[in-house]
Amino acid sequence: MTAFLSGQEIDRLPCCPSLGETCAPLFGMKTSTYYRSAECMAEIEIEVFNRFRPDGAGIGMGLRAMPEAMGAKVGYPDYGIAYIQEPLLKDYDDIKHLRRIDPWRDPCLSMILRANQMVQDAIGNQVAVSSGIVGPFTLAAAIRGFENLLRDIYKNPQAVHDILAVVTENNLRYIDSACSLGLGTGIGDPVASGSMISPEHFREFAKPYLKICIDRIRKWTGSGGRLHICGKTKNLWNDMVDCGASILSIDNIEDLEEAKQAVGDRVCLMGNVDPVKTIKEGTVADVHREVRECIRKAQNNPRGFIISSGCQIPIGTPGANIQAMMDAA
């Protein structure tokens, strides 16, 4: 990865499938157990690296950690992704009461930071360790409730900006904490998708706050990190690159060749094997076939290409298919 990122010759393309907590059941651990222990998080991440040898490692905050740190109630199913049980912000008069977090004092966020330190100590001499964050627009949706936030965009746009300012400040605090440990970081902002909001709303409510976060990442690391937005993003690609990201992660719903033609001279591309139909439900041969197709489309991207899944690989994916992805690369 050091050679790849510095533009040197490499013997194969990097491969970084999006794994994480969804791999806990693969190693005999409930996700509810995983979420409650730094040691368990680190154990799974180290097991994942030792078994599959991806070209990146680390534990991100996930979609629930920051809202929980700010006071939201979170559900933890035994074999499922943690979820927000109900919106935290029911009235905009309560914005002033939203918590400004200290990552090292919050039980959930400090646990994730400690887990990454354990991973770094165990395998950091073999692979770069990162702790991804959630984009401000998605955090705002988690705090306010997605449908409420969409209505607010039309009825009370200033209040939406007020929420975004708070969650962005909290993101910057986490970025500072993670990067001070020598961790890399990237951003996933799934609700800012073109499948959810218009390009105009993306430019007003998502882009400025993403750029603030990416600027802080670049200040620490010298790189803008990775930016992933789920779903349809073709109409947002130029805006996403304008935010300063160094790597653009493309959902499998979009075409890598089109992305290469549109923005490949400005940014490294990452993606985009279908995590459900191919990696979870397909055969080993299906995985090999789709990885080869992604390579065919993007291997000559001017700013580089990293093989990955189009989004997070689901719970219940056979280990053989994850291995097939690495073998294909």
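The values are calculated or read from the model by the stated rules, or taken from the named source; none is laboratory data. Keep in mind it's a predicted model, so treat the numbers as computed, not measured. So basically every Cβ, Gly included, is an ideal-geometry build from the backbone, and we count neighbours across all protein chains shown.
Return yes when residue 153 is buried (at least 23 other Cβ atoms within 10 Å of the Cβ), β-branched (Val, Ile, Thr) and assigned to a helix (DSSP H, G or I) and no when it is not. Before the answer, list the steps.
On the way: buried (at least 23 other Cβ atoms within 10 Å of the Cβ): no; β-branched (Val, Ile, Thr): yes; assigned to a helix (DSSP H, G or I): yes.
No: the conditions fail for residue 153.
Hey, can you tell me all the residues within the range 238-258 that are within 14 Å of residue 296 (Cβ to Cβ) and crowded, with 21+ Cβ neighbours inside 10 Å?
Within the range 238-258, just 256 meets the criteria.
Hey, does the range 99-112 have a residue that's at pLDDT 95 or above, within 22 Å of residue 309 (Cβ to Cβ) and not small (Gly, Ala, Ser)?
Yes, the range 99-112 contains a residue that is at pLDDT 95 or above, within 22 Å of residue 309 (Cβ to Cβ) and not small (Gly, Ala, Ser).
Can you tell me which condition residue 194 does not meet? The list is (1) in a helix (DSSP H, G or I); (2) surrounded by fewer than 23 Cβ atoms within 10 Å (Cβ to Cβ), and all the others hold.
Answer for residue 194: the failing condition is (1).
When you scan the range 272-284, how many residues do you find that are within 19 Å of residue 25 (Cβ to Cβ), surrounded by fewer than 22 Cβ atoms within 10 Å (Cβ to Cβ) and within 20 Å of the chain's Cα centre (by Cα)?
Count: 2.
Among 167, 127, which is under 19 Å from the mean Cα position of the chain (by Cα), of a type in the set (A, V, I, L, M) and in a loop (DSSP other than H, G, I, E, B)? Even if it seems obvious, please write down each step before you answer.
Details: 167 fails: in a loop (DSSP other than H, G, I, E, B).
Exactly one of 167, 127 is under 19 Å from the mean Cα position of the chain (by Cα), of a type in the set (A, V, I, L, M) and in a loop (DSSP other than H, G, I, E, B), namely 127.
Residue pairs, Cβ under 9 Å, 6 or more apart or interchain, first in the range 145-167 and within 13 Å of residue 201 (Cα to Cα), second assigned to a helix (DSSP H, G or I) and basic (Lys, Arg). List them.
Final answer for the pair search is 152/144; 160/144.
Of the residues 112, 81, only one is buried (at least 16 other Cβ atoms within 10 Å of the Cβ), in a loop (DSSP other than H, G, I, E, B) and of a type outside the set (Lys, Arg); which? Full working, then the answer.
Numbers: 112 fails: in a loop (DSSP other than H, G, I, E, B).
Among 112, 81, only 81 is buried (at least 16 other Cβ atoms within 10 Å of the Cβ), in a loop (DSSP other than H, G, I, E, B) and of a type outside the set (Lys, Arg).
Listed here are the residues, each with its yes/no results for (1) in a loop (DSSP other than H, G, I, E, B); (2) closer than 19 Å to residue 11 by Cβ.
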site: 262; (1), (2): no, no
site: 292; (1), (2): no, yes
site: 303; (1), (2): yes, no
site: 307; (1), (2): no, yes
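Which members of the range 10-26 meet the condition of being in contact with a helix residue (DSSP H, G or I) (Cβ under 8 Å, 6 or more places away or on another chain), on the phi < 0 side of the Ramachandran plot and surrounded by 15 or more Cβ atoms within 10 Å (Cβ to Cβ)?
Let us first name the residues in the range 10-26 that are in contact with a helix residue (DSSP H, G or I) (Cβ under 8 Å, 6 or more places away or on another chain), namely 10, 13-15, 17-26.
Still in the list and also on the phi < 0 side of the Ramachandran plot: 10, 13-15, 17-19, 21-26.
If the condition is that a residue be in contact with a helix residue (DSSP H, G or I) (Cβ under 8 Å, 6 or more places away or on another chain), on the phi < 0 side of the Ramachandran plot and surrounded by 15 or more Cβ atoms within 10 Å (Cβ to Cβ), then 13, 14, 15, 17, 18, 19, 21, 22, 23, 24, 25, 26 are the ones that fit.
How many of the residues making up the range 3-39 are under 18 Å from residue 269 (Cα atoms), free of Cβ contacts under 8 Å to residues at least 24 places away in the same chain and aliphatic (A, V, I, L, M)?
Counting residues in the range 3-39 that are under 18 Å from residue 269 (Cα atoms), free of Cβ contacts under 8 Å to residues at least 24 places away in the same chain and aliphatic (A, V, I, L, M) gives 2.
State whether one or more residues within the range 285-303 are buried (at least 22 other Cβ atoms within 10 Å of the Cβ), more than 20 Å from residue 55 (Cβ to Cβ) and touching a helix residue (DSSP H, G or I) at 6+ places or on another chain (Cβ under 6 Å).
Scanning the range 285-303, I find no residue that is buried (at least 22 other Cβ atoms within 10 Å of the Cβ), more than 20 Å from residue 55 (Cβ to Cβ) and touching a helix residue (DSSP H, G or I) at 6+ places or on another chain (Cβ under 6 Å), so the answer is no.
What number of residues within the range 227-270 are touching a Lys or Arg at 6+ places or on another chain (Cβ under 9 Å), among the polar types (S, T, N, Q) and over 15 Å from residue 190 (Cα atoms)?
Summing the residues that are touching a Lys or Arg at 6+ places or on another chain (Cβ under 9 Å), among the polar types (S, T, N, Q) and over 15 Å from residue 190 (Cα atoms) in the range 227-270 gives 2.
Residues in the range 42-64: is at least one part of a helix (DSSP H, G or I), free of Cβ contacts under 8 Å to residues at least 40 places away in the same chain and under 19 Å from residue 110 (Cα atoms)?
Taking every residue of the range 42-64 in turn, at least one turns out to be part of a helix (DSSP H, G or I), free of Cβ contacts under 8 Å to residues at least 40 places away in the same chain and under 19 Å from residue 110 (Cα atoms).
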